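Participant: One structure follows; several queries about it will come next.
The values are calculated or read from the model by the stated rules, or taken from the named source; none is laboratory data. Note that the coordinates shown come from a computational prediction; the quantities given were computed from them, not determined experimentally. Quick note on the areas: whole protein, heavy atoms, side chains included, nothing else; ligands and nucleic acids left out. Shrake-Rupley method; radii C 1.70, N 1.55, O 1.52, S 1.80 Å.
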Amino acid sequence: MQSNKTNVLLPAWIWEEARDKEHLKMLVLEYMQRYPDYKVKGVKNGFAVCERE
C-alpha cells in the first residue's frame with residue numbers, strides 16, 4: 001500500500017503572526033484550505049505533515 005503522507009512548507013508569516021499554539025493551529029488550518037485534498041496531521045520543523053485523501 002502506498003503512503004499518502006506529504007509535507008507542505010508553511011510560510012514564515014504564520015510563525016510571525018501566531019500569538020500562541022491555538023492561534024498557530026487556526027492559521028495553519030486556514031492556510032491549508034488552499035490544499036483541499038490534504039488533511040493536516042501535525043506540524044513539524046516548519047512543515048504541515050499531511051495525508052492526501
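Participant: When the chain is fully extended, how far beyond the present Cα-Cα distance does Glu17 get from Glu51, taking 0.36 nm per residue of separation?
Facilitator: Between Glu17 and Glu51, full extension yields 9.7 nm more.
Participant: Then there's this: For the chain, what does the relative contact order come out to in percent, with C-alpha contacts under 8 Å and a separation of six or more?
Facilitator: Worked out over the chain, it gives 46 percent.
Participant: Under a 1.4 Å probe, what is the accessible area of the chain per residue, stated in Å²?
Facilitator: About 81 Å² of surface per residue is accessible.
Participant: Next question. In cubic angstrom, how much convex hull volume per residue do the alpha carbon atoms of the chain span?
Facilitator: Each residue corresponds to 72 Å³ of Cα convex hull volume.
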